[in-house]
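So the structure is just underneath, and the comments pick up after that.
Here, each number is a calculation from the coordinates, and none is a lab measurement. All of these numbers come straight from a predicted model, not from anything done at the bench. Cβ coordinates were reconstructed from backbone atoms using ideal geometry, including for glycine residues, and neighbour counts include every protein chain displayed.
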Amino acid sequence: MDVNRALLREASSKGLIDERQADALWQFLSERGQDSANFRFTHILYYLGGMLAIGAMSLFMNLGWEAFGGAGLFLIALAYGAGGLWLTEHLLRRRQLPIPAGITATFVVVLVPLAVYGLQSALGLWTEGMAYRDYHRFIDWRWIFMELATLAAAAVLLWRYRLPFLVMPVAVTLWYIGMDIVPFLFDGDRSWELRKLVSIHFGLLFIGLAFWVDLRSRQAKDYAYWLYIFGVLTFWGGLSLSSSDSVLAKFGYFCINLGMIFVGAVLARRVFAVFGALGSAGYLGYLAHNVFRDSLLFPFALTAIGLGIIYLGILWQRNERTLSSHLRSKLPQALRELIEARH
């Protein structure tokens, strides 16, 4: 449940707490909320500015930067990185602003592949026609040195600062590695079918890693957030793009999406529920337009199923405390603590 000022005032009006305690509690919750990412206007400005700066040195870098040469790119990346590290220290140690500090630390990590590319170019290790902006556009196993250096830098900064947003470039880089090693491992095979298969398996590995991180950090900051996002996106994207004429396979896809909704509810991870709902809606659309195109009963049956699910929700709400306690008592202690911490 989201706690807001109106809820505290309602509790005060019912005599649960007095008005002074309600105001003091709201002040405490507001101050604590500044340290955790949410949909505040201040945080939107943080992330908008940060993503613009990160994008400028990665996705939106144009060919004009190649005019600096490899040594020039390397020195620019070092200068920007030093400035980013100073700003991270200033924001975190002196200003106690962990969210913008996490963004500036991530900016430093994003500069690492540029620095490695510049150094490699200065040493003559890149052939003509290759540009840094291609790192974010094309699959090539030769990017692996840039990616490994990025992971190493992110690990060092995570160890130093313990800022959850630093996991974001780790997730992106691991995804890049998964795509880039496919042609190397499969003798240059770049077919879409292989990419989709790799995406599914890599997404499952991502989700497993995110769950492990979630268990390890269940009493601390949310370090698994970005791993879950990229894991679900990679898995669900590869699964949804896979085509099959089998009705049974399509039903299996629907069941997987229902399972994702359930997992999202248990772990309090909305990303599972969102993509699971999209996949389920897609399957129902397939039934409506292909399997039951001319059926008069399908809309009525679907309505009945929807109302039945609502009724199940009502039954669950009436018995939620008893059922939740009973089910959680059968779970391992670590998983039980994780669920309790995230809800």
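Using a simple spin-label model with pseudo-atoms 7 Å out from Cα toward Cβ, residue 281 and residue 300 lie 2.7 nm apart.
Taking packing as the residue-averaged number of other Cβ atoms within 10 angstrom, the listed peptides 167-179, 318-330, 54-66 run from highest to lowest as 167-179, 54-66, 318-330. With contacts taken as Cα pairs under 8 Å at a separation of at least 6 residues, the chain carries a relative contact order of 11 percent. Rounded to the nearest 500, the helix-only mean residue ellipticity at 222 nm of the chain stands at -24500 deg cm²/dmol, with each DSSP H run of n ≥ 4 adding -39,500 (n - 2.57). As an equivalent ellipsoid, the chain spans semi-axes of 40, 33, 17 angstrom, where each value is the square root of five times an eigenvalue of the C-alpha gyration tensor, largest first. Across all Cα atoms of region 114-177, the radius of gyration (one decimal) and Dmax (whole number) stand at 12.9, 40 Å.
Here residue 131 and residue 186 are evaluated by their C-beta separation; at R0 = 35 Å the FRET efficiency comes out at 0.85. With contacts taken as Cα pairs under 8 Å at a separation of at least 6 residues, region 34-190 carries a relative contact order of 25 percent. The fewest-to-most ranking of 307, 91, 111 by surrounding Cβ atoms within 10 Å reads 307, 91, 111. Computing FRET efficiency as 1/(1 + (r/R0)^6) for residue 289 and residue 241, where r is the C-beta to C-beta distance and R0 is 25 Å, gives about 0.85.
Using the alpha carbons alone, the radius of gyration of region 193-343 stands to its Kirkwood radius in an Rg to Rh ratio of 1.03.
Here the ratio of the Cα radius of gyration of region 34-190 to 2.2 N^0.38 Å is 1.09.
Placing R0 at 56 angstrom, the Cβ-Cβ distance between residue 14 and residue 68 gives a FRET efficiency of 0.25 after rounding to 0.05. Extension gain for the segment residue 197 to residue 6, taken as residue separation times 0.36 nm less the Cα-Cα distance, is 63.8 nm to one decimal. Sorted ascending by nearby beta carbons within 10 Å, beginning with the fewest, 146, 260, 130 become 130, 146, 260. When the trypsin sites (Lys or Arg not before Pro) in region 77-115 are filtered for DSSP coil states and for at most 16 other beta-carbon atoms within 10 Å of their beta-carbon, the remaining sites are 95. Within a Cβ distance under 11 Å of residue 223, other residues only, what is the Lys/Arg minus Asp/Glu net charge? Cβ neighbours under 11 Å give a net charge of +2.
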